[in-house]
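The structure appears below as structure tokens.
Since every read-out is calculated from the coordinates, none of them should be taken as a lab result. Just so it is clear, the model here is predicted, and its values are computed rather than measured. Ideal geometry is used to build each Cβ from the backbone, glycine not excepted, and the neighbour counts take in all protein chains shown.
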Amino acid sequence: MLNKKEKNKKKQSENRKYKTLIKNQFKKVKSYQAEKKPDPSEINSLIIETQKLLDKANSKGKIHRNKAARKKSQLMKLFKNIEVEDKGAIIEE
């Protein structure tokens, strides 16, 4: 049986894994937002993947449910900004 320190290290590494995965997903979304003409299908798949990751982390108890909801809201805000910028580019042409 593992002692308390070893259990805590294991939990900490699991929590850190999900935390870094979420951060990296948001970085990817922001990098796509910075592109001149992002591909809508890639962005949609990236958003779906990010939402799945947030749901999984929430269901496993790695992040709080309110944090998951807040991150999803932030994600959709970024997505709206990408859509608005994309439509603006189409109108200008």
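Helical runs (DSSP H, four residues minimum) scored at -39500 (n - 2.57) apiece and divided by the length of the chain put the mean residue ellipticity at 222 nm at -30500 deg cm²/dmol. The angle between the Cα long axis of helix 65-92 and the longest principal axis of the Cα atoms of the chain comes to about 20 degrees, rounded to the nearest 10. Note on residue 81 and residue 13: their simple-model spin labels are 3.6 nm apart, each label 7 Å out from Cα toward Cβ.
Checking (i) 40; (ii) 18; (iii) 22 against percent of Cα pairs over 22 Å apart calculated from these atoms, the matching label is (i). For the cross-link pairs 5/27; 10/77; 5/60, the ones whose C-alpha atoms lie over 28 Å apart are 5/27; 10/77.
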